[in-house]
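What follows is a short report on a single structure.
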Amino acid sequence: MASSVLLGTRPDWTRSTLGIPIDTIVRIHPGAVGAKPDLAFSRNRVSVSRVPGAAAKPEDEFDVGYVYGPEASNADVAGRSLLPLLRKFVDGYNVAVMAFGATGTGKTLLLEGSRGKERHSSEGNGLVHIAIDELFKLLNEKAVAVGNAVAERRRMPSARAFDFFLETSYVEVYREEVHDLFARPTGGNRAPLQIYEDVTEGYQVSGLAYRIAKTSTEMRTAFNNGRMQRDTTKEDVGAVHERSAAIFTIHLAQYSPAAVAGEEDRIMVSKIQFVDLPDALGGNALCLMAGTLRQADGSNGLHAINTLQYLTIARSGRNFPIINHGRARGLIQKLRQRLMAVVDDRQALRELMEGTPAEGDPNAMAINIAKLRDLEARLMAVRGENAELMEEKHALQARLQKLYQAEEGDLQEKSELQAEAQGMEASIAAEELARISGEKEALVIKLRELEQLLADRTAGLESQLQQETGALQKQLAEETTALEKRLADETAAKQAELEALRKEADDLRAEVARLTEGLRQLAAGETEAAEGGPVDELVHAQDAVAKAKEAVEKRRAASDELKEKVSGCVYRGWELPALCLQEVRLAYSF
């Protein structure tokens, strides 16, 4: 009879494949300020010194996948170790992220972050918050990519578009009891939930609440609210939540339409769980195990050694994840159902054998013969069913082997393409750098030539400007001297003319005064008009007044001409001689 396969053990067919190793990382907390460090680390190795400051022993050195030092942030951890798993999660794989370590080493800080501890808050900087944001971004990008692929291959417009559905659950496990963190406690306490094994879905939690999330903000808020519900009561060894495990699960269902006729639409159901889960080790999931350490934690390195030893054991394990589309899930569920039926039959057979009477009992002989025949019949049925299971198992194994080979081929091709792309990028970058360097040197040379040309031209222009300035200054001095001489001559002539006009004006003023007096007398009737003398004098006086007015107009014209010349001199910035200034004052006083 073929050997039976127990649930929870590694299936025989997995031994023909290499599986996928568990990714192990280490996050190191800086510890107290001033304490002597007992951890030395490099990119993928950690050494633990049992005596702070002393060298580590060879058996206390451990290799891991990657080490994040105290300066690394949660975003750094997510960017290198978590985001590749999220892309696989969107492709239909199950993913598990486990954080473990001694109390105070930073497990909660790694997964939950340091913010978002208020109710109904969506803030947070832990790996869970970062994963939620990136998950929605990847799903939206996939929706666009699938839509473009369907449109390019001209599928029917009435075909369904890419769609996805997300829901979450959050439980806390303490002392082998499971509590729902999304459920409201009744009477201050939460009733423990029962765990059962479903024939199609495996181990499940009875009565577990699920929260649907349409946006990253809704999912982050649900996670933060669940954090607030964790048990914070104190016991002899500290808070309960320090020694319990919280499991936050994101369930993703996707509908991806076929791009061309003849292909099948794909429905994938996958999940990502943070902290721990039964499928994480040796099962259908990609697993990331993060060990948290603390410098100088006071345990003489024992806590760090225990964590690193567990990581070393986990690193040697293998997982066998598959894309959880409809057909693969159906085969797995059918196999699980038959295995469950075999387990039930074995248990029934064991109970029947225990209830069979001992040999030699004559009263039970007929009953034993009947039971024996029944057992033989059931055994034959079990053998036949086992044979069918073996055939189906081999068929499933062959199919899975093809899937793995195809996937490994895709991964190999992807790696080769990535290497080729990196080589091309490096070559292009080198050529571009060389071209930019050459252009830079040419520009520097041209810039120096332009600077020299500018300096030469500037020196020539300055010399030319100095020469022209000297010539203009000399010409201006000569013109100024000539103008001063001419202005002095004209001023002397005008002065003589003004003196003559002044004398003539004085005479005319006297004559005008005399005639004015005569006119006044004529107006008063003091002199009779018997003789023609006064009339003649009046005519003579009128002629004299006209001459005086004409002289005054000439003097005013000469004064205006002198003013104009003076204004021209002032405009040109010339200095007038003292004699000219005196005449100018006379002209302006007229």
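The values are calculated or read from the model by the stated rules, or taken from the named source; none is laboratory data. Predicted model only: the values in this text are computed from it and were never measured. We place every Cβ from the backbone using ideal geometry, glycine too, and count neighbours over all the protein chains shown. Accessible surface is based on the protein model in full, side chains and every heavy atom, while ligands, DNA and RNA are left aside. Shrake-Rupley method; radii C 1.70, N 1.55, O 1.52, S 1.80 Å.
Structure notes:
- Restricting segment 37-65 to residues that are farther than 18 Å from Tyr310 by Cα and of a type in the set (A, V, I, L, M), the residue that is nearest to the chain's Cα centre (by Cα): Ala40
- Among (1) exposed (fewer than 15 other Cβ atoms within 10 Å of the Cβ); (2) at pLDDT 70 or above - the single one Leu508 does not satisfy: (1)
- Of all the residues in segment 44-65, those that are out of contact with any strand residue (DSSP E or B) (no Cβ under 8 Å at 6 or more places or on another chain) and either closer than 14 Å to Ala290 by Cα or modelled with pLDDT of 95 or more (or both) number 0.
- Tyr68 meets all of the listed conditions (1) over 13 Å from Ile28 (Cα atoms); (2) modelled with pLDDT of 95 or more but one, namely (1).
- Within segment 514-526, the set of residues being open to solvent by 60 Å² or more (accessible area, probe 1.4 Å), part of a helix (DSSP H, G or I) and not basic (Lys, Arg) comprises Thr516, Glu517, Leu519, Gln521, Leu522, Ala523, Ala524.
- Leading residue by the ranking (most open to solvent (accessible area, probe 1.4 Å)) among those in segment 176-219 that are among the aromatic types (Phe, Trp, Tyr) and modelled with pLDDT under 90: Tyr203
- Among residues of segment 298-311, those that are open to solvent by less than 80 Å² (accessible area, probe 1.4 Å) and touching a Ser or Thr at 6+ places or on another chain (Cβ under 8 Å), counted: 3
- Scanning segment 135-161 for residues being modelled with pLDDT of 80 or more and open to solvent by less than 30 Å² (accessible area, probe 1.4 Å) gives a total of 4.
- Checked against the criterion of being at pLDDT 90 or above, of a type in the set (A, V, I, L, M) and either under 18 Å from the mean Cα position of the chain (by Cα) or not in a helix (DSSP H, G or I) (or both), segment 103-124 contains not a single residue that satisfies it.
- Scanning segment 220-246 for residues that are closer than 18 Å to Lys107 by Cα, assigned to a helix (DSSP H, G or I) and either more than 35 Å from the chain's Cα centre (by Cα) or modelled with pLDDT of 80 or more (or both) returns Phe223, Asn224, Gly226, Arg227, Met228, Val240, Arg243.
- Against the test of being without any contact (Cβ under 8 Å) to a residue 24 or more places away in the chain and surrounded by 16 or more Cβ atoms within 10 Å (Cβ to Cβ), the options Ala56, Ala96, Ala102 yield a single qualifying residue, Ala56.
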